[in-house]
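The values are calculated or read from the model by the stated rules, or taken from the named source; none is laboratory data. Remember, predicted model here, so these are calculated numbers, not experimental data. Glycine gets a Cβ as well: all are built from the backbone with ideal geometry, and neighbour counts include every protein chain shown.
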Amino acid sequence: MPKTNAVRVLDSLGIKYELLSYFVDPNDLSATTTAQKLGLPTDQVFKTLVVNGDRKGIALAVVPGNYQLDLKALARLSGDRAMKTVLLKQVQPLTGYIRGGVTALACKKPYPVFLDEWAQAYEQIAISGGMRGLMILLRTADYIRATSATVGWISQEPLTQRS
């Protein structure tokens, strides 16, 4: 498996992890599908969303794969009055990562990271390895340390299955 910049960051910090690879369908990059391919609970696979606050600017919100980001809760936690997700066309220029491969590890800039409290229900969580088809399974505490994440409730109820 390739060594991505995200993996190199973990190596430099001496953090243990497991790399998980899966087949990528470019038409379905959902965290729910990724979790199914990896045989993990969907709420143990976390997605990283790029957001923009009205006061503090760009940040990363990390939520369980089957949950929706609660922008109001994130704004309260971050100290912003309002928060919005950035346009997809802005994601790669801001982070260096493409959709389906965004991670808080080794972004172009060290953005603030906000991790949903649900992560602490698991000893380990899976996060993007910095490219499509690669996930990193690591201890939740190590992820918080590696990203200097602020932890709080920033998600809404799980998404329902779409027919």
Here, strands (runs of 3 or more DSSP E) confined to the range 87-163 with at least 2 residues that are surrounded by fewer than 16 Cβ atoms within 10 Å (Cβ to Cβ) and either at pLDDT below 95 or touching a Ser or Thr at 6+ places or on another chain (Cβ under 7 Å) (or both) are 155-158
Being among the aliphatic types (A, V, I, L, M) and more than 22 Å from K3 (Cβ to Cβ) is the filter here; which residues of the range 115-162 pass it? L115, A119, A121, A141, I144, A149, V151, I154, L159
Could you tell me which residue of the range 29-76 is surrounded by the fewest Cβ atoms within 10 Å (Cβ to Cβ), considering only residues that are under 19 Å from G96 (Cα atoms) and of a type outside the set (A, V, I, L, M)? G57
Restricting to the range 23-37, name every residue that is under 14 Å from G129 (Cβ atoms) and touching a Ser or Thr at 6+ places or on another chain (Cβ under 8 Å). A31
Give the residue that is nearest to the chain's Cα centre (by Cα), with candidates limited to residues of the range 85-109 that are farther than 18 Å from G57 by Cβ and in contact (Cβ under 8 Å) with a residue 40 or more places away in the chain. T103
